[in-house]
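Peer 1: After the structure tokens below, expect a handful of questions from me.
No value in this document is a laboratory result; all are computed from the given coordinates. Since the model is a prediction, treat every value here as computed from it, not as a measurement. FYI the Cβ positions are ideal-geometry reconstructions off the backbone, even for glycines, and counts take in every protein chain you see.
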């Protein structure tokens, strides 16, 4: 029996207006999310290798200070480098062994940037600063208690939310974003950078998509070539959106361009971070991979939080998993919302509140529904102590 559990019915009322956004892998906010999570994952691996267990850390604070650049068709130069500041708290000394956090942070970040931003010269275009300090005694002690117990204690009083199923517009934006990430800098798309954004607005059946893509100036000779790259993006996404039911939708690419004033979205490196667009952890995509203001969302920055007992991370993933399983495994359930609330110091498997809202095919809410929902909730919660392994393997979408 799940404690502190409530189940309620909710009507299925299609929204007349829907807004969905996704920021690409090279957006400054996404870079910060990725580097924070990358640091947490690398720390976990180091702790396990040298200590035999994951130690306390929360490195979910990162700031990107944009640089300065001059881009023009056929070339460009970086005038001032991008500055990235990685901060937070972590165990820096354990069992007489000093943890090389700065090395882990800087080398790991450089490796990630090289792998994901193909036109960025990481050695010359970026400066990375590690400002991580030792964690507070009380939270470190709370974390360490889990090594003597099977179930970790919650690191925070927070909440996580999830919903299912994703709407057709959400699926279209998510797939479109992945297509842009995947094709950037490829052999057929050398002018595309990784800094992208998709904003979709649906008013009843009328849908508009606004696409931003930082073009790589050294790979684009002139305005005609730039226009061809924009057309290529439009064609690629038109196919993606059409597969989700949005055929021949209005798609604007780099809508701020003004050819009469020779103004185009040109970059040297494929990211706006080179020229003054700053970034921060938690300002980008939610754990769903999207920004969905008409859906329940948490403001937690899930990236960089430790995957063992920080409920600001665990509960957002668990809530989404519960909602998805309810819709996938229970034939009568059409939609599901889940909210999990923690209390610091309680076992992560025992939320202070579990609130589930479902809509069913026949609009009923029976004992059978309640039993099925409780079984799925109990299953997900019982597996939370093992979820950190999935985070370490990079198997969980976080941004």
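Peer 1: Treat the count of other C-beta atoms within 10 Å as a stand-in for reagent exposure and order 230, 330, 32 from fewest to most.
Peer 2: In order of increasing Cβ crowding within 10 Å: 330, 230, 32.
Peer 1: With a/c under 1.5 counting as rounded, go ahead and sort the stretch 88-207 into rounded, prolate or oblate using the C-alpha gyration tensor (a ≥ b ≥ c being the square roots of the eigenvalues; past the cut-off, prolate if a/b is larger than b/c, else oblate). Could the numbers behind the result be given before it?
Peer 2: Numbers: a/c = 3.42, a/b = 1.41, b/c = 2.43.
It comes out oblate by the Cα gyration axes.
Peer 1: Here is a follow-up. With the Cα gyration tensor of the chain giving a ≥ b ≥ c as the square roots of its eigenvalues, does the rule (a/c under 1.5 for rounded; else a/b larger than b/c for prolate; else oblate) give rounded, prolate or oblate?
Peer 2: Since a/c reaches 1.5 but b/c is at least a/b, the shape of the chain is classed as oblate.
Peer 1: With an 8 Å cut-off on Cα pairs and a minimum separation of 6 or more residues, tell me the relative contact order of the stretch 28-148 in percent.
Peer 2: Relative CO of the stretch 28-148 lands at 27 percent.
Peer 1: Mind computing the radius of gyration and Dmax over the alpha-carbon atoms of the stretch 13-130? Å is fine for both.
Peer 2: In Å, with Rg to one decimal and Dmax whole: 17.8, 61.
Peer 1: Give the percent of DSSP beta bridges with both residues in the chain that are antiparallel, rounded to the nearest 5. Before the final figure, lay out each step's value.
Peer 2: Values: 50 of 68 bridges.
Expressed as a percentage, antiparallel bridges in the chain total about 75.
Peer 1: Related question: Evaluate E = 1/(1 + (r/R0)^6) for residue 221 and residue 123, where r is the Cβ-Cβ distance and R0 equals 35 Å; express this FRET efficiency to the nearest 0.05.
Peer 2: 0.85
Peer 1: Just rank 386, 35, fewest to most, by other beta-carbon atoms within 10 angstrom.
Peer 2: Placing the least packed residue first, the sequence is 386, 35.
Peer 1: For 196, 292, 335, 188, what's the fewest-to-most ordering of other Cβ within 10 Å of each Cβ?
Peer 2: 188, 335, 292, 196
Peer 1: Gain in length, residue 362 to residue 133, computed as 0.36 nm per residue apart minus the alpha-carbon separation, to one decimal in nm?
Peer 2: Details: separation 229, 0.36 × 229 = 82.44 nm, distance 5.48 nm.
Separation in residues times 0.36 nm, less the Cα-Cα distance, equals 77.0 nm.
Peer 1: Got the relative contact order for the chain handy, in percent, Cα pairs under 8 Å and 6 or more residues apart?
Peer 2: Relative contact order comes out at 28 percent.
Peer 1: For residue 48 and residue 260, what is the calculated FRET efficiency with R₀ set at 41 Å and r taken between the beta-carbons, to the nearest 0.05?
Peer 2: The computed FRET efficiency comes out at 0.10.
Peer 1: Is it possible to state the helix-based mean residue ellipticity at 222 nm for the chain, with each DSSP H run of 4+ residues giving -39500 (n - 2.57), the sum divided by total residues, to the nearest 500 deg cm²/dmol? What is it?
Peer 2: Per the formula, -10500 deg cm²/dmol.
Peer 1: Let me ask another. At 7 Å along Cα-to-Cβ for each site, give me the label-to-label distance between residue 68 and residue 243 in nm.
Peer 2: 4.4
Peer 1: I've got another one for you. Once you sort the root eigenvalues of the Cα gyration tensor of the stretch 168-280 as a ≥ b ≥ c, which label holds: rounded (a/c under 1.5), prolate (a/b larger than b/c) or oblate (the other case)?
Peer 2: Prolate, because a/c is 1.5 or more and a/b exceeds b/c.
Peer 1: Contact order normalised by length for the stretch 168-280, with contacts defined as Cα pairs under 8 Å and 6 or more residues apart; what percent is it?
Peer 2: 28
Peer 1: Related question: How many angstrom separate the Cα center of the stretch 10-83 from the Cα center of the stretch 263-307?
Peer 2: 7
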